[in-house]
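Asks: I'd like to ask some things about the structure below.
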Amino acid sequence: MDIKEEFPGVTDSKKLTPGARENLYALVESRARRGDIRFVARFASHRYIDRYGITRAVSHAGESGLKRLDVPHQHSFVMMDGLLKAPAHWQQQTIIRGDSLVPLIGLASIVAKVRRD
């Protein structure tokens, strides 16, 4: 799947207007309803972040989301934005400014922002 072709205009969610984010999110949901893609968005509460820190909160939310997708870590590859890390047993790559540089990470940032806001 060519993300840029399938989801025109995808980039860092902060660079898009609210309307553009909503339109791309609607495309994601439509594709998910058809069964073409699967996604999950998980969040940590501000209380959890205050208590355990942002690094642990991201790891916990990521682990929860990956478990919910029910994808075995031996057959998966996780891409993360910035300096974030997935739980250690997952194959992963962290890309600084990944939400701008990698369309798949940009799409994830759009889903997260729309769901969160």
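Asks: Of the accessible area of the chain, with the probe set at 1.4 angstrom, what percent is carbon plus sulfur?
Replies: Looking at the chain in its full context, I get 53 percent from C and S.
Asks: Another question, then. Given H placed 1.01 Å from N in the peptide plane, which residues other than close sequence neighbours of residue 78 have an amide H under 5 Å from its amide H?
Replies: 91, 92, 93
Asks: Next question, about the same structure. Using a Förster distance of 22 angstrom, determine the FRET efficiency expected from the C-beta separation of residue 56 and residue 101, and round it to 0.05.
Replies: 0.25
Asks: Spin-label point model (7 Å from Cα, Cβ direction): what's the residue 32 to residue 116 distance in nm?
Replies: 1.6
Asks: Here is a follow-up. Just the number please: accessible area per residue for segment 13-117, 1.4 Å probe, all protein chains included, in Å².
Replies: Averaged over the residues of segment 13-117, the accessible area is 66 Å².
Asks: May I pose another question? Quick one: length gained pulling residue 2 to residue 41 fully straight, 0.36 nm per residue minus the C-alpha distance?
Replies: Between residue 2 and residue 41, full extension yields an extra 11.9 nm.
Asks: Here's something else I'd like to know. Can you give the calculated 222 nm mean residue ellipticity of the chain, where each DSSP H run of n ≥ 4 adds -39,500 (n - 2.57) and the sum is split over every residue, rounded to the nearest 500 deg cm²/dmol?
Replies: -15500 deg cm²/dmol
Asks: Next question. With the cut-off at 21 Å, tell me which of the pairs 15/113; 4/67; 15/67 have Cα atoms farther apart than that.
Replies: Over 21 Å Cα-Cα: 4/67; 15/67.
Asks: Can you work out the Karplus-derived ³J(HN,Hα) for every residue in segment 18-23? Use 6.51 cos²θ - 1.76 cosθ + 1.60 with θ = phi - 60°, whole Hz, and x for glycine or proline.
Replies: Computed from phi, the couplings for segment 18-23 are x, x, 5, 4, 4, 5 Hz.
Asks: Quick one: what are the phi-derived ³J(HN,Hα) couplings along segment 27-43, Karplus 6.51/-1.76/1.60 with θ = phi - 60°, whole Hz, x for glycine and proline?
Replies: Per residue, the Karplus-derived 3J(HN,Hα) values read 5, 4, 4, 4, 5, 5, 4, 6, x, 6, 9, 10, 8, 9, 10, 10, 10 Hz.
Asks: Take the alpha carbon gyration tensor of segment 1-60, find the square roots of its eigenvalues, order them as a ≥ b ≥ c, and report rounded if a/c is under 1.5; if not, report prolate when a/b exceeds b/c, else oblate.
Replies: Since a/c reaches 1.5 and a/b is larger than b/c, the shape of segment 1-60 is classed as prolate.
Asks: Need one number: the % of Cα-Cα pairs in the chain sitting beyond the 18 Å mark.
Replies: Looking at the chain, the distances longer than 18 Å represent 54 percent of pairs.
The values are calculated or read from the model by the stated rules, or taken from the named source; none is laboratory data. No experiment lies behind these values; they were computed from the predicted model shown. Heads up, the Cβs are rebuilt from the backbone with ideal geometry, glycines too, and the neighbour counts pull from every protein chain shown. Only protein heavy atoms, including side chains, enter the accessible area calculation; ligands, DNA and RNA are left aside. Shrake-Rupley method; radii C 1.70, N 1.55, O 1.52, S 1.80 Å.
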